[in-house]
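**Q** My questions will all concern the structure given below.
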Amino acid sequence: MFGTAQPALLQFPEERPVFLREYSTSHYSALSYFMSRFSMEALITGVQVLVMTCIGYNMIGFQMPYGLYVCTIYGLAMSSTALAVVLGCSVEDPKLATEMLPILFVPQMLFAGFFVTPDLIPLWLRWPRYLCS
């Protein structure tokens, strides 16, 4: 999650002045800018996922089909990249964005059942797992 999200998180705060200048002079619309960004992020994330899954799938010896494994990891990587882009667009300082990223990702890992099984979480605190998984 963090590996695919970090480059996307740091890229937009650095490009913000250029984007605002070119957007104000009507070089392109916000939709075309973000669609081009999305297409490049999808391609880069796909390459990262393929390299990671080729190594991890054979090393761990999963029983699930390889294609399903790649699609699952790619979906997780793209959703974390999208969340990082949203966070990167909402803050101006890359250092602040880097500090806020764990605030978004760690509760998702906690409530999704990576660290603690959902049965051990108190009943009044189980509702966030439906948002995080």
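**Q** Taking Cα pairs under 8 Å and at least six residues apart, what relative contact order does the range 64-133 come out at, in percent?
**A** 22
**Q** Convert 20 °C to kelvin, take the viscosity as 1.002 mPa s, use the Kirkwood radius over C-alpha pairs of the chain as Rh, and evaluate the Stokes-Einstein diffusion coefficient in µm²/s, rounded to a whole number.
**A** This corresponds to a translational diffusion coefficient of 128 µm²/s.
**Q** Is there a quick way to get the dipole size of the range 5-133? I mean about its Cα centre, with the Cβ of Lys and Arg at +1 and of Asp and Glu at -1; what is the value in debye to the nearest 20?
**A** Here the size comes out at about 220 debye.
**Q** Same structure, new question: Students sometimes get this wrong: rank 119, 93 by accessible area, probe 1.4 Å, all chains present, largest first.
**A** Of 119, 93, the descending order of accessible area is 119, 93.
**Q** Roll a 1.4 Å probe over the protein chains and send me the accessible area per residue for the chain in Å².
**A** Accessible area per residue: 65 Å².
**Q** Leaving out ligands, DNA and RNA, and with a 1.4 Å probe, what % of the accessible surface on the chain is carbon or sulfur?
**A** 72
**Q** When you count, for each residue, the other Cβ atoms within 10 Å and take the mean per peptide, how do 52-63, 74-85 rank with the highest first?
**A** So the order, starting with the most tightly packed, is 74-85, 52-63.
**Q** If the label point is 7 Å along Cα→Cβ of residue 18, which residues in the range 33-66 have backbone nitrogen under 13 Å from it?
**A** 37
The values are calculated or read from the model by the stated rules, or taken from the named source; none is laboratory data. What you see is a predicted model; the values in this text were computed from it and never measured. In this analysis, Cβ positions are derived from the backbone assuming ideal geometry, glycine residues included, and neighbour counts consider all displayed protein chains. Heavy atoms of the whole protein, side chains included, go into the accessibility calculation; ligands, DNA and RNA do not. Shrake-Rupley method; radii C 1.70, N 1.55, O 1.52, S 1.80 Å.
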